[in-house]
């Protein structure tokens with residue numbers, strides 16, 4: 001179809017029938033609009049290009065009276081190209097960079113090249129020269145950031161722009177363009193419309209670091225220089241507008257980048273003090289909280305928890321189930337008084353702005369929050385507490401002492417459980433007629449295997465304490 005449209009442009013060049021040129025442009029714009037709606041990718045970019053081509057086609061009906069539409073076309077074409085480049089590289093910053101590059105290039109050409117072309121007898125309007133410069137530099141930028149191997153759509157766009165630039169730079173009377181110029185404009189519009197029918201899939205290439213920073217920095221520096229040159233020499237007003245626009249876009253880009261970096265810093269800080277598995281504050285956050293409590297010199301209690309039965313639960317149900325258990329227990333602890341923390345593994349802490357003891361309702365509720373029982377398992381928590389600032393004067397000492405007290409409680413609990421089991425065993429042995437001394441020896445061995453050590457394992461009073469019925 002587009003080959004037929006290009007043939008219509010060639011026929012217009014030979015016959016001069018405007019209906020061929022205008023009809024080809026109308027059909028090309030219509031096909032572009034339809035394809036834009038159907039495209040799964042880069043829809044915004046080609047929608048902007050559609051508006052650009054529509055404005056150009058309408059302006060072409062009466063170039064003298066509708067000349068302003070050509071400026072509209074340049075603006076939307078530039079926006080479409082930078083949007084397409086940014087979509088391909090998945091970088092919104094490239095959109096800003098494309099605008100900066102285009103405006104700067106246009107300012108340079110209107111400042112130093114426009115007068116030279118007039119001297120050669122070529123009457124290229126400064127606005128057209130600036131528009132062409134913006135489009136060309138944006139296309140070159142897109143080629144460069146794609147490793148000079150862009151998607152096929154860019155090659156078609158580049159071909160259309162080549163017709164446009166070559167035509168604009170050879171015009172001697174823009175208000176009364178010859179048939180060759182009109183045919184070239186028609187071909188450029190058809191080619192840019194045809195680009196929508198070619199792939200423009202995003203590439204994996206990324207631009208960053210010095211290369212990414214060089215574009216806005218260089219564009220800003222050149223724009224400042226152009227403004228100074230225009231002020232000293234009474235330069236072209238178009239140059240001032242373009243250079244000022246480049247600076248403005250650069251400032252907007254810098255402001256948005258600063259806001260994004262501040263957000264990234266906030267997120268990084270939050271992640272640094274948050275446990276990824278449970279979402280509770282981590283050890284670093286606890287140390288900060290202890291520093292604040294010690295500095296305030298107000299009563300606080302640090303409670304150190306370690307889950308009992310968690311290793312057996314992991315061995316029985318797997319580590320994924322263990323992680324899920326921790327994720328269930330964490331919000332229950334977090335709902336208790338004070339601020340809860342996970343130090344790692346099955347260790348949790350609670351920092352409460354009050355003096356607590358083992359009978360305090362806040363502590364009882366926290367112990368119950370770390371309890372879960374089910375088919376074949378029972379999870380509970382041993383704890384140790386330390387009063388701040390009464391007993392410690394630094395965070396490390398607070399953690400160490402609470403940890404020691406927690407493990408002392410855990411050992412007492414295990415010893416009590418082993419003693420109960422040993423007493424039951426002695427009772428059973430006596431009921432079977434075993435000698436009292438032999439029963440004590442067997443029970444002592446059993447106690448050592450369960451965790452009793454030394455005198456606690458061999459204490460004969462354990463036997464005497466067992467009722468014989």
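Worth pointing out:
- Boolean, residue 327 is under 14 Å from residue 369 (Cβ atoms), surrounded by fewer than 21 Cβ atoms within 10 Å (Cβ to Cβ) and in contact with a helix residue (DSSP H, G or I) (Cβ under 6 Å, 6 or more places away or on another chain): no
- The residues of the stretch 51-70 that are touching a residue at least 24 places away in the same chain (Cβ under 8 Å), more than 21 Å from residue 140 (Cα to Cα) and in contact with a helix residue (DSSP H, G or I) (Cβ under 6 Å, 6 or more places away or on another chain), listed by number, are 51, 54, 56, 57, 70.
- You will find that of 303, 364, the residue that is touching a helix residue (DSSP H, G or I) at 6+ places or on another chain (Cβ under 9 Å) and surrounded by 13 or more Cβ atoms within 10 Å (Cβ to Cβ) is 303 and no other.
- Here residue 245 meets each of (1) in contact with a strand residue (DSSP E or B) (Cβ under 8 Å, 6 or more places away or on another chain); (2) touching a residue at least 24 places away in the same chain (Cβ under 8 Å); (3) not assigned by TED's automatic domain parsing to the domain that holds residue 353 with one exception, condition (1).
- Number of positions in the stretch 367-379 that are in contact with a helix residue (DSSP H, G or I) (Cβ under 8 Å, 6 or more places away or on another chain) and surrounded by fewer than 15 Cβ atoms within 10 Å (Cβ to Cβ): 1
- Of the numbered criteria (1) touching a helix residue (DSSP H, G or I) at 6+ places or on another chain (Cβ under 7 Å); (2) modelled with pLDDT of 80 or more, the one residue 131 fails is (2).
- Looking across the stretch 270-300 at every residue that is farther than 25 Å from residue 392 by Cα and touching a residue at least 24 places away in the same chain (Cβ under 8 Å), the one that is farthest from the chain's Cα centre (by Cα) is identified as 278.
- Take the conditions (1) surrounded by fewer than 21 Cβ atoms within 10 Å (Cβ to Cβ); (2) part of a helix (DSSP H, G or I); residue 343 misses just one of them, which is (2).
- Of all the numbered requirements in (1) more than 34 Å from the chain's Cα centre (by Cα); (2) modelled with pLDDT of 75 or more, residue 101 misses one, and that requirement is (1).
The values are calculated or read from the model by the stated rules, or taken from the named source; none is laboratory data. What you see is a predicted model, and the numbers here were worked out from it, not measured in a lab. With ideal geometry, Cβ positions are generated from the backbone for all residues, glycine too; neighbour counts draw on all protein chains shown.
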